[in-house]
Amino acid sequence: MIISANMKTLKMTKPFLILMMISNFACAQSMESNLSSWMSNIIPDGYTISYFIYCNVNLDNKTDLILVLKEKDTTSTSAVEHEKRPLLIVESDSTGLFHLAQRNDFVIPCLKCGDNHTDPFRGIVPENGSFTINLGGGTSYWWTREITFKYNPKDKQYYYNKDEGKSFYADKAITKNRKTLTAKEFGKILFQDFNFYEFDTRKYDP
(Lines give C-alpha, C1' and ligand atoms only; values in the text may rest on other atoms or scores of the structure.)
Protein backbone atom coordinates (compact mmCIF):
# COMPACT_ATOMS: atom_id res chain seq x y z
CA MET A 1 0.00 0.00 0.00
CA ILE A 2 1.49 3.34 -1.07
CA ILE A 3 0.02 6.66 0.05
CA SER A 4 1.25 9.86 -1.57
CA ALA A 5 0.22 13.49 -1.40
CA ASN A 6 1.31 16.86 -2.74
CA MET A 7 2.62 18.60 0.37
CA LYS A 8 2.48 22.03 -1.35
CA THR A 9 -1.30 21.89 -1.60
CA LEU A 10 -2.00 19.84 1.54
CA LYS A 11 -2.31 21.88 4.74
CA MET A 12 -2.33 19.92 8.00
CA THR A 13 -2.86 21.21 11.51
CA LYS A 14 -0.78 19.78 14.34
CA PRO A 15 -3.74 17.86 15.88
CA PHE A 16 -4.56 16.40 12.46
CA LEU A 17 -0.98 15.25 11.98
CA ILE A 18 -0.97 13.61 15.42
CA LEU A 19 -4.29 11.88 14.68
CA MET A 20 -2.96 10.69 11.32
CA MET A 21 0.20 9.29 12.94
CA ILE A 22 -1.83 7.45 15.60
CA SER A 23 -4.16 6.03 12.94
CA ASN A 24 -1.26 4.83 10.79
CA PHE A 25 0.47 3.31 13.82
CA ALA A 26 -2.70 1.45 14.83
CA CYS A 27 -3.14 0.19 11.27
CA ALA A 28 0.46 -1.00 11.16
CA GLN A 29 0.08 -2.73 14.54
CA SER A 30 -3.09 -4.49 13.36
CA MET A 31 -1.42 -5.65 10.13
CA GLU A 32 1.66 -6.84 12.03
CA SER A 33 -0.52 -8.76 14.51
CA ASN A 34 -2.49 -10.46 11.73
CA LEU A 35 0.68 -11.25 9.82
CA SER A 36 2.45 -12.67 12.88
CA SER A 37 -0.52 -14.93 13.61
CA TRP A 38 -0.58 -16.10 9.99
CA MET A 39 3.14 -16.77 9.93
CA SER A 40 3.03 -18.98 12.99
CA ASN A 41 0.34 -21.13 11.37
CA ILE A 42 1.53 -21.29 7.75
CA ILE A 43 5.32 -21.27 7.63
CA PRO A 44 6.38 -24.94 7.89
CA ASP A 45 8.68 -26.20 10.60
CA GLY A 46 12.32 -25.99 9.68
CA TYR A 47 11.90 -22.89 7.49
CA THR A 48 12.47 -19.20 7.99
CA ILE A 49 11.80 -16.10 5.86
CA SER A 50 14.74 -15.04 3.70
CA TYR A 51 12.95 -12.43 1.58
CA PHE A 52 9.60 -10.65 1.47
CA ILE A 53 7.95 -7.79 -0.37
CA TYR A 54 4.58 -6.03 -0.13
CA CYS A 55 2.51 -5.72 -3.30
CA ASN A 56 -0.96 -5.67 -4.88
CA VAL A 57 -0.56 -8.80 -6.89
CA ASN A 58 -4.21 -9.85 -7.27
CA LEU A 59 -5.60 -6.45 -8.34
CA ASP A 60 -7.94 -5.95 -5.38
CA ASN A 61 -6.13 -2.86 -4.04
CA LYS A 62 -5.35 -4.63 -0.77
CA THR A 63 -1.92 -5.32 0.64
CA ASP A 64 -0.51 -8.68 -0.39
CA LEU A 65 2.82 -10.32 0.36
CA ILE A 66 5.30 -12.46 -1.51
CA LEU A 67 7.58 -14.49 0.76
CA VAL A 68 10.63 -16.58 -0.04
CA LEU A 69 11.57 -19.16 2.58
CA LYS A 70 14.77 -21.06 3.25
CA GLU A 71 15.65 -24.08 5.32
CA LYS A 72 17.05 -23.25 8.74
CA ASP A 73 19.60 -26.06 8.49
CA THR A 74 21.68 -25.93 5.32
CA THR A 75 24.85 -27.40 6.79
CA SER A 76 24.80 -30.58 4.71
CA THR A 77 25.70 -30.60 1.01
CA SER A 78 22.38 -32.15 0.03
CA ALA A 79 20.44 -29.50 1.91
CA VAL A 80 22.21 -26.65 0.13
CA GLU A 81 22.27 -28.09 -3.39
CA HIS A 82 18.79 -29.57 -3.50
CA GLU A 83 16.86 -27.67 -0.87
CA LYS A 84 13.36 -26.37 -1.39
CA ARG A 85 13.01 -22.58 -1.38
CA PRO A 86 9.25 -22.09 -1.16
CA LEU A 87 7.75 -18.94 -2.62
CA LEU A 88 4.44 -18.05 -0.97
CA ILE A 89 1.85 -15.69 -2.39
CA VAL A 90 -0.07 -14.28 0.55
CA GLU A 91 -3.26 -12.34 -0.07
CA SER A 92 -5.25 -10.23 2.39
CA ASP A 93 -9.02 -10.15 2.52
CA SER A 94 -11.51 -7.37 3.27
CA THR A 95 -11.00 -7.84 7.02
CA GLY A 96 -7.24 -7.43 6.77
CA LEU A 97 -6.51 -11.08 7.47
CA PHE A 98 -3.78 -12.81 5.48
CA HIS A 99 -4.20 -16.21 3.85
CA LEU A 100 -1.99 -18.40 1.69
CA ALA A 101 -3.05 -18.18 -1.96
CA GLN A 102 -0.30 -20.17 -3.71
CA ARG A 103 2.95 -21.96 -2.92
CA ASN A 104 5.74 -23.17 -5.19
CA ASP A 105 8.79 -25.00 -3.80
CA PHE A 106 10.84 -25.05 -7.01
CA VAL A 107 10.44 -21.67 -8.69
CA ILE A 108 13.50 -20.29 -6.85
CA PRO A 109 16.73 -22.16 -7.67
CA CYS A 110 18.99 -23.58 -4.97
CA LEU A 111 21.52 -21.56 -3.00
CA LYS A 112 24.41 -23.00 -5.03
CA CYS A 113 22.77 -22.94 -8.47
CA GLY A 114 24.60 -19.77 -9.51
CA ASP A 115 28.10 -19.66 -10.93
CA ASN A 116 30.86 -20.58 -8.48
CA HIS A 117 28.19 -22.07 -6.21
CA THR A 118 26.60 -18.71 -5.47
CA ASP A 119 22.96 -17.82 -4.90
CA PRO A 120 21.35 -16.72 -8.21
CA PHE A 121 18.27 -15.16 -6.56
CA ARG A 122 18.35 -11.37 -6.98
CA GLY A 123 14.92 -10.34 -5.77
CA ILE A 124 11.32 -9.85 -6.90
CA VAL A 125 9.81 -6.89 -8.73
CA PRO A 126 6.03 -6.61 -8.20
CA GLU A 127 3.57 -4.86 -10.48
CA ASN A 128 -0.18 -4.56 -10.21
CA GLY A 129 -1.36 -8.00 -11.25
CA SER A 130 2.07 -9.59 -11.78
CA PHE A 131 5.51 -10.15 -10.31
CA THR A 132 8.93 -10.89 -11.78
CA ILE A 133 11.59 -13.10 -10.20
CA ASN A 134 15.08 -11.79 -10.99
CA LEU A 135 17.93 -14.30 -11.23
CA GLY A 136 21.52 -13.93 -12.31
CA GLY A 137 25.13 -14.84 -11.86
CA GLY A 138 28.49 -15.22 -13.45
CA THR A 139 32.22 -14.63 -13.27
CA SER A 140 33.71 -13.75 -16.64
CA TYR A 141 30.46 -14.78 -18.35
CA TRP A 142 27.37 -13.15 -16.82
CA TRP A 143 23.73 -14.03 -17.29
CA THR A 144 20.34 -12.81 -16.10
CA ARG A 145 16.89 -14.38 -16.14
CA GLU A 146 13.61 -12.64 -15.40
CA ILE A 147 10.59 -14.91 -14.91
CA THR A 148 7.21 -13.18 -14.80
CA PHE A 149 3.94 -14.57 -13.48
CA LYS A 150 0.62 -12.83 -14.10
CA TYR A 151 -2.66 -12.94 -12.21
CA ASN A 152 -5.83 -13.93 -14.08
CA PRO A 153 -8.88 -12.38 -12.35
CA LYS A 154 -11.27 -14.71 -14.20
CA ASP A 155 -10.12 -17.89 -12.47
CA LYS A 156 -8.06 -16.18 -9.74
CA GLN A 157 -4.94 -18.09 -10.70
CA TYR A 158 -1.36 -17.05 -11.41
CA TYR A 159 0.22 -18.10 -14.72
CA TYR A 160 3.67 -18.19 -16.25
CA ASN A 161 3.66 -15.11 -18.46
CA LYS A 162 7.10 -14.48 -19.93
CA ASP A 163 10.77 -15.35 -19.50
CA GLU A 164 13.52 -12.91 -20.48
CA GLY A 165 17.27 -12.80 -20.09
CA LYS A 166 20.61 -11.38 -21.12
CA SER A 167 24.16 -12.64 -21.31
CA PHE A 168 27.49 -10.90 -21.64
CA TYR A 169 31.21 -11.29 -21.02
CA ALA A 170 32.74 -9.04 -18.38
CA ASP A 171 35.67 -8.10 -20.62
CA LYS A 172 33.54 -7.34 -23.68
CA ALA A 173 31.11 -4.49 -24.20
CA ILE A 174 28.59 -6.76 -25.89
CA THR A 175 25.25 -7.67 -24.34
CA LYS A 176 23.08 -10.31 -25.96
CA ASN A 177 19.35 -10.44 -25.30
CA ARG A 178 17.81 -13.88 -25.21
CA LYS A 179 14.55 -14.41 -27.05
CA THR A 180 11.59 -13.50 -24.83
CA LEU A 181 9.77 -16.73 -24.10
CA THR A 182 6.03 -16.92 -23.51
CA ALA A 183 3.30 -19.53 -23.26
CA LYS A 184 3.82 -20.08 -27.00
CA GLU A 185 7.06 -21.94 -26.21
CA PHE A 186 6.17 -23.59 -22.90
CA GLY A 187 2.38 -23.74 -22.92
CA LYS A 188 -0.09 -22.56 -20.31
CA ILE A 189 1.53 -23.16 -16.92
CA LEU A 190 0.12 -22.45 -13.48
CA PHE A 191 2.47 -20.78 -11.03
CA GLN A 192 2.33 -23.72 -8.62
CA ASP A 193 3.35 -26.12 -11.43
CA PHE A 194 6.37 -24.17 -12.67
CA ASN A 195 9.73 -25.84 -11.96
CA PHE A 196 12.93 -23.88 -12.55
CA TYR A 197 14.93 -27.08 -13.11
CA GLU A 198 12.55 -28.38 -15.78
CA PHE A 199 12.23 -25.18 -17.82
CA ASP A 200 15.75 -24.78 -19.17
CA THR A 201 16.10 -21.68 -21.33
CA ARG A 202 19.76 -22.10 -22.27
CA LYS A 203 18.93 -23.46 -25.71
CA TYR A 204 17.44 -20.06 -26.52
CA ASP A 205 20.63 -18.18 -25.61
CA PRO A 206 22.04 -16.13 -28.51
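The values are calculated or read from the model by the stated rules, or taken from the named source; none is laboratory data. Since this is a predicted model, take the numbers as computed values, not measurements. Glycine also receives a Cβ, built like all others from the backbone with ideal geometry; neighbour counts cover every protein chain displayed.
How do the pairs read when you match residues in segment 175-202 that are in contact (Cβ under 8 Å) with a residue 12 or more places away in the chain with residues anywhere that are among the basic types (K, R), using Cβ under 6 Å and keeping only pairs 6 or more apart or on different chains?
The qualifying pairs are N177/K166; T180/K162; T182/K162.
Of all the residues that make up segment 112-132, how many are farther than 17 Å from L59 by Cα and modelled with pLDDT of 85 or more? Break it down stepwise before answering.
Filtering segment 112-132 down to residues farther than 17 Å from L59 by Cα leaves 112-124.
Those left that are additionally modelled with pLDDT of 85 or more: 119-124.
Total meeting the criteria: 6.
Give segment 128-140 a look and list any residue that's surrounded by 13 or more Cβ atoms within 10 Å (Cβ to Cβ) and either without any contact (Cβ under 8 Å) to a residue 40 or more places away in the chain or not hydroxyl-bearing (S, T, Y) (or both), or say none. Let's see the steps before the verdict.
Going through segment 128-140, the residues surrounded by 13 or more Cβ atoms within 10 Å (Cβ to Cβ) turn out to be 129-138.
Hits for segment 128-140 are G129, F131, T132, I133, N134, L135, G136, G137, G138.
Can you tell me which residues in segment 81-108 are in a loop (DSSP other than H, G, I, E, B) and either surrounded by fewer than 21 Cβ atoms within 10 Å (Cβ to Cβ) or without any contact (Cβ under 8 Å) to a residue 12 or more places away in the chain (or both)?
Going residue by residue through segment 81-108, those that are in a loop (DSSP other than H, G, I, E, B) are 83-86, 93-97, 105-108.
The answer is E83, K84, P86, D93, S94, T95, G96, L97, D105, F106.
Could you grab me the full set of residues in segment 154-189 that are at pLDDT 80 or above, basic (K, R) and more than 23 Å from I124 (Cβ to Cβ)?
Passing the criteria: K154, K184.
Kindly indicate which of Y151, Y159, Y141, Y169 is aromatic (F, W, Y), closer than 22 Å to L69 by Cα and out of contact with any Lys or Arg (no Cβ under 9 Å at 6 or more places or on another chain). Steps first, please.
Details: Y159 fails: out of contact with any Lys or Arg (no Cβ under 9 Å at 6 or more places or on another chain); Y141 fails: closer than 22 Å to L69 by Cα; Y169 fails: closer than 22 Å to L69 by Cα.
Exactly one of Y151, Y159, Y141, Y169 is aromatic (F, W, Y), closer than 22 Å to L69 by Cα and out of contact with any Lys or Arg (no Cβ under 9 Å at 6 or more places or on another chain), namely Y151.
Only one of (1) touching a Pro at 6+ places or on another chain (Cβ under 8 Å); (2) at positive phi fails for K156. Which number is that?
(1)
So in segment 114-123, with the set limited to residues that are surrounded by fewer than 20 Cβ atoms within 10 Å (Cβ to Cβ) and of a type outside the set (D, E), which one is farthest from the chain's Cα centre (by Cα)?
Here is the first cut: in segment 114-123, the ones surrounded by fewer than 20 Cβ atoms within 10 Å (Cβ to Cβ) are 114-119, 122-123.
Right, trim to of a type outside the set (D, E) and you get 114, 116-118, 122-123.
Values: G114: 18, N116: 24, H117: 22, T118: 19, R122: 10, G123: 7 Å.
Ranking the qualifying residues of segment 114-123, first place goes to N116.
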